[in-house]
Structure formats: C-alpha cells, structure tokens
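*Asks:* My structure is below; once you've seen it, I'll send some questions.
The values are calculated or read from the model by the stated rules, or taken from the named source; none is laboratory data. Keep in mind it's a predicted model, so treat the numbers as computed, not measured. As a convention, Cβ positions derive from the backbone with ideal geometry for all residues, glycine included, and neighbour counts pool all protein chains shown.
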Amino acid sequence: MTNPDVALATGSARSFAHLSTDSTFADIVNHPAFAGFGDYMVPWESGEYAEITRPLTIEALAPHLGAWDPQTMVDGLNFLIDQVNQGRTIFHPLYSGDEIAAEPDKAAAGLFFVPGVQGEPLAFVAAGGGFTSVASIQEAFPHARALHALGYNVAALKYRVGKEANDAVSVPLARANEDMARAMILLAEHADAWGLSLDDYSVWGSSAGGRLVSSWGTDGPLGARAHGFHPPAAIITAYPGTPFGPYSASFPPYFVTVAADDEVISVPAVDRLVEDLRAVGVAVEYRRTDSGGHGYGLGVGTPADGWLSHAVAFWRSHSTAG
C-alpha cells in the first residue's frame, strides 16, 4: 500500500489560529492548518447541503444537527490545530493513487491520527451520519481530544458515504467496513514508527459509526478476524444502529449509551441487542437516559454527560493491562 506521507513530524512548528463558535463551516474547510484535507473535516464534502451550511456558524448550526455542544465541537477542532502547530501530520489518505484511479470514490476516505503516550493502546473512533455524511466535528474529534488527554493514541476514520434510495444498509456499511479495515492496516504498518499499540485497542462509534464498529466485533465478513485482526478489547457505542447478528460469546465486551427519546434509531432494538449479548455471556454496560435524543456526542448539556468516563473505565476493566 502506498502512503505518501506517514511522517508524524514536519520539523517546523506553526502558529495557526484557533477557531471559535462564531467560526463558519467554510472557515473550517479553508483553515490553513487543514490545508489539503479541509473537506474531510466537515460532514458534507460537496453538494447543495454543503453549500447551504458552509456560511453558517458552528454555534448557529449545532442545534439543528442534534444536541451537540458547540464549544465541545470547537475544542475538538482546536485540538487538531494544536497538533498541526506542533509539527505533526494528522491526516493520512487510505488508498494509493492507482486505487483511486480505479475506484474514484476511494479518494473520499482518510484517517486522522494523533499519537498519545508511547505504547498506550489505540482508541479508534468513527462518527455517525446515516452513511450519507460523517459527523466527525460532532462525534469523533471531541472524543479523540478527550481520549488523547488520558494518554491514548487516537484515530478518527473518515469513511466513504453515499446511499442510493433503494440501497439496503448493508451496501454502505460494507464500503465503510472496507475503509475501516484499510485504516487498521495503515495503523498496524506504522505502529512502531508511530509509537502505538494495537494490543487492547478499543473501537468507538456513534449512530451509523456505532453500527460500523459493532460489526467489527462479529464473526462474519465484516468482523476483525475476517480482516486478519484480533477483536478489540471493547466496543464503545453511542445511540448505535444495531449490528447484524447472530451473536456469540466471542463478541467483544460492549458498552452502549442511548436516550429513551431517540426518534432516529429503534431503542427497543438496542434493548434486544443488549439482552441477546448478555444471553450468550458477553459483558455489557448499558447506560440509558430518559432524554437526550439522537446525536449528543459527549453528552455535554444532556443527561448523558460524563458517559465517556464510564466507557473508558469499562474498556480498561476488559483490557489485559486492567
């Protein structure tokens, strides 16, 4: 696999300015710290909806997207700006030029990576978006910032999206799974150089991203074993679309947070998933709040606030290091 830029350090510090809640989505795309990959930052790469939303500020748009906290979103973006200012290369394409020439849609896939403490495990994050967008600003970059502050290596996947009207969920899921597998290969190839460990790694996903990382725990063709990896120490999900069964005792320990008033996913289906996993002996922590709706990220300002700390404790309790 060809990756033209895997160096973590460019050798020169920068002083790019931070964003604020008054910054627009166009400011994010065009920010000099994100030169060359600004379109990978925002949920919508192109099209009419992207053109409508780019003039809007983060603070103005956030309430219309879900219950995401605008400052949390900005903090995640500024975390990445700080990494670039320290001389790190944070974005990596997943496919070679030849692969993209053969399948042009693969140009839309990429991986954000920030190293943590040398040798610490990896937290791999995939945002949601209904397989029509990737809400990394709301559901991946804030998670990465919080997990990096605890010393973990963090990766956030920008997977391909696009679902035709008659597509079953399995179609975009399989495509996103291919991108996830390629990202894991990239991380494994550079584990030593990047100072990360794939022992006891965890996978984190929200909404559609939750379905994606949950499928990584199955024994089928979308699972880690099918791609040559051992399963994660824990799967951490927020308001996930449920993965395809059946489930066995080999499914990794599973954490899920969801709000009872979620009108996008089927909360009863999540209830049944939890029951099915527990029935076959899988360790599950289920944190269900009365309210919060669909799309609350870290939960700031909602009853789910603080769920990430519980998820980290769950992950650690099921890792070999403890």
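*Asks:* Out of the range 288-310, which residues are more than 23 Å from PHE244 (Cβ to Cβ) and in a strand (DSSP E or B)?
*Replies:* THR289
Here's the yes/no breakdown for (1) outside any helix (DSSP H, G or I); (2) buried (at least 17 other Cβ atoms within 10 Å of the Cβ); (3) of a type outside the set (S, T, N, Q); (4) over 19 Å from the mean Cα position of the chain (by Cα):
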{"position": "ALA33", "(1), (2), (3), (4)": "no, yes, yes, yes"}
{"position": "VAL42", "(1), (2), (3), (4)": "yes, yes, yes, no"}
{"position": "SER46", "(1), (2), (3), (4)": "yes, no, no, yes"}
{"position": "TYR49", "(1), (2), (3), (4)": "no, no, yes, yes"}
{"position": "PRO55", "(1), (2), (3), (4)": "yes, no, yes, yes"}
{"position": "LEU61", "(1), (2), (3), (4)": "no, yes, yes, yes"}
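*Asks:* Kindly indicate whether any position in the range 144-163 is over 21 Å from GLY297 (Cβ atoms) and part of a helix (DSSP H, G or I).
*Replies:* no
*Asks:* Of all residues in the range 71-125, which are of a type in the set (D, E, K, R) and part of a loop (DSSP other than H, G, I, E, B)?
*Replies:* Scanning the range 71-125 gives GLU103, GLU120.
*Asks:* Go through (1) on the phi < 0 side of the Ramachandran plot; (2) aromatic (Phe, Trp, Tyr); (3) touching a helix residue (DSSP H, G or I) at 6+ places or on another chain (Cβ under 8 Å) and name the single condition TYR239 misses.
*Replies:* Status for TYR239: all satisfied but (1).
*Asks:* May I pose another question? Quick check on my filter: what residues within the range 212-227 are in contact with a strand residue (DSSP E or B) (Cβ under 7 Å, 6 or more places away or on another chain) and touching a residue at least 40 places away in the same chain (Cβ under 8 Å)? Show your work before the answer.
*Replies:* Within the range 212-227, the first condition is being in contact with a strand residue (DSSP E or B) (Cβ under 7 Å, 6 or more places away or on another chain), and the residues that meet it are 212-214, 216-217.
Listed by number, the residues that qualify are LEU212, VAL213, SER214.
One line per residue, one yes/no per condition, for (1) of a type in the set (Ser, Thr, Tyr); (2) buried (at least 20 other Cβ atoms within 10 Å of the Cβ); (3) within 28 Å of SER319 (Cα to Cα):
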position: ARG88; (1), (2), (3): no, no, no
position: GLU99; (1), (2), (3): no, no, no
position: ASP105; (1), (2), (3): no, no, no
position: PHE112; (1), (2), (3): no, yes, yes
position: VAL117; (1), (2), (3): no, no, yes
position: ALA127; (1), (2), (3): no, yes, yes
position: VAL134; (1), (2), (3): no, yes, no
position: PHE141; (1), (2), (3): no, yes, yes
position: ASP179; (1), (2), (3): no, yes, yes
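*Asks:* Identify the single condition in (1) of a type in the set (A, V, I, L, M); (2) assigned to a loop (DSSP other than H, G, I, E, B); (3) within 18 Å of the chain's Cα centre (by Cα); (4) within 23 Å of PHE141 (Cβ to Cβ) that VAL264 does not satisfy, given that it satisfies every other one.
*Replies:* (3)
*Asks:* Here are some residues: ILE28, ILE81. Which one is modelled with pLDDT of 95 or more, surrounded by 17 or more Cβ atoms within 10 Å (Cβ to Cβ) and either closer than 22 Å to ARG160 by Cβ or basic (Lys, Arg) (or both)?
*Replies:* ILE28
*Asks:* Looking only at the range 48-77, which residues are among the small types (Gly, Ala, Ser) and at pLDDT below 80?
*Replies:* ALA62, GLY66
*Asks:* Further, regarding this structure: Specify the residue that is surrounded by the most Cβ atoms within 10 Å (Cβ to Cβ); the eligible residues are those in the range 269-322 that are under 12 Å from THR257 (Cβ atoms) and acidic (Asp, Glu).
*Replies:* The residue in question is GLU285.
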